[in-house]
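Let me begin by presenting the structure, written as structure tokens, before commenting on it.
The values are calculated or read from the model by the stated rules, or taken from the named source; none is laboratory data. Not measured: the values here are computed from a predicted model. Note: ideal-geometry Cβ built from the backbone for every residue, glycine included; neighbour counts use all protein chains shown.
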Amino acid sequence: MKLQVIQQRKLWWTISLAIIFAGIVAMILSWQKFGAPLRPSLDFVGGTRLQFELDCTKANNCQNPIDIAKARSVLNTEGLGGSSIQAITNREGKQVGLTIRTAPLDGEQRTKLQTALSQAIGTFDPAKTQIDTVGPVLGQQLFSSGLIALLVSFAGITVYLSLRFQFDYAVFALVALFHDVLITMGIFAIMGLVLGTEVDSLFIVALLTIVGFSVNDTVVIYDRVRETIVRNPGQHIDSIVDAAVNETLTRSINTTLTTLLSLVSIVLFGGETLKNFALALIIGFIAGAYSSIFIASTLLALWRERTGKAIAAVAEEPVALSSDEASL
């Protein structure tokens with residue numbers, strides 16, 4: 001059974017628009033709550049993050065759940081009432097620690113805060129204590145550099161696809177890339193509101209990786225579209241796109257699945273630092289495969305039909321295909 005991407009294109013577009021709309025709403029709410037479309041980590045806003053876990057080897061130290069109200073009271077006493085506090089839970093769902101994000105603290109202030117929290121809550125395990133400090137200037141530089149890198153990648157991809165194919169190919173490939181980035185950001189915005197998930201500098205790296213993966217899938221389909229137009233110039237663009245998608249479908253699915261296997265392993269068994277990075281890649285790669293198959297191809301077909309190029313002349317498409325392209 002062949003996949004009818006053109007016939008059901010309104011369904012594919014509706015699914016994408018619904019997810020993007022939900023993500024945009026979440027980003028608006030995040031902006032009102034955090035001052036940014038996604039919940040930022042210390043990498044971007046600067047400050048100090050302290051993570052403490054109770055030492056359960058001491059008698060009765062982990063018997064009761066952590067009282068967040070007590071922790072908040074300690075922070076208020078130390079003049080840090082605007083800090084963010086989150087409980088850390090173990091696999092059984094029991095609160096065993098807390099994460100605090102606050103204004104930049106020097107060594108003496110951190111020690112004083114840790115001592116006060118330990119007296120109010122319980123003895124902390126020194127081996128599981130984590131303290132990170134990032135200056136606000138460095139956070140702004142990281143954000144600016146990441147944004148510039150993302151924009152440069154979009155521009156480079158547009159130029160490359162315009163030269164290799166035609167400008168309309170490049171435009172709709174770019175639309176598909178924006179689709180993937182928006183979906184990834186939207187889902188993380190929802191997670192930030194619901195689960196408290198933060199994005200750090202690795203999230204920018206994830207977005208750049210998603211862009212490269214997605215455009216690769218799109219190029220494979222566009223190559224097959226171009227090849228079919230050259231060989232069958234009298235065929236309607238809808239039939240050409242349907243055939244191109246079905247001929248490359250197995251390759252796209254296999255590539256995505258094999259990549260996802262390693263990423264799922266990182267999420268399940270990797271360290272905390274890499275989990276959100278791998279999760280962003282999983283979301284983006286799935287969105288990239290979807291957009292290459294259902295968005296970029298169908299939009300190209302619609303555009304060619306609306307502009308009177310549904311049945312293209314041979315001269316409109318490059319006729320020289322390399323042996324590598326012909327084998328795709």
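Descriptive notes on the structure:
- Checking Met191 against (1) surrounded by fewer than 18 Cβ atoms within 10 Å (Cβ to Cβ); (2) out of contact with any helix residue (DSSP H, G or I) (no Cβ under 8 Å at 6 or more places or on another chain), the condition it does not meet: (1)
Here is a yes/no grid of residues against (1) in contact with a Phe, Trp or Tyr (Cβ under 7 Å, 6 or more places away or on another chain); (2) in a helix (DSSP H, G or I); (3) β-branched (Val, Ile, Thr):
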position	(1), (2), (3)
Gln7	no, no, no
Leu11	no, yes, no
Leu17	no, yes, no
Ala22	no, yes, no
Ile28	no, yes, yes
Ala36	no, no, no
Cys56	no, no, no
Asn64	no, no, no
Leu75	no, yes, no
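- Inside the stretch 87-109, residues that are closer than 16 Å to Asp132 by Cα and surrounded by 16 or more Cβ atoms within 10 Å (Cβ to Cβ) make up a count of 7.
- Neighbours by Cβ (under 8 Å, 6+ apart or cross-chain): first from the stretch 11-36, without any contact (Cβ under 8 Å) to a residue 40 or more places away in the chain; second in a helix (DSSP H, G or I) and surrounded by 18 or more Cβ atoms within 10 Å (Cβ to Cβ): Ala36/Ser30; Ala36/Phe44; Ala36/Val45
- Thr123 meets each of the listed conditions (1) farther than 30 Å from Lys309 by Cβ; (2) over 20 Å from the mean Cα position of the chain (by Cα); (3) in the same structural domain as Gln32 (by TED's automatic domain parsing) apart from (3).
- Conditions (1) of a type outside the set (Ser, Thr, Tyr); (2) under 22 Å from Ile204 (Cβ atoms); (3) surrounded by 13 or more Cβ atoms within 10 Å (Cβ to Cβ); number of the one not met by Ile28: (3)
- Criterion: out of contact with any strand residue (DSSP E or B) (no Cβ under 6 Å at 6 or more places or on another chain), farther than 30 Å from Ser84 by Cα and buried (at least 21 other Cβ atoms within 10 Å of the Cβ) - qualifying residue of Arg226, Arg251, Arg231: Arg226
- Selection status of Ile148, buried (at least 19 other Cβ atoms within 10 Å of the Cβ) and in a helix (DSSP H, G or I): no
- If the condition is being touching a residue at least 24 places away in the same chain (Cβ under 8 Å), basic (Lys, Arg) and part of a loop (DSSP other than H, G, I, E, B), then the stretch 81-119 contributes only Lys94.
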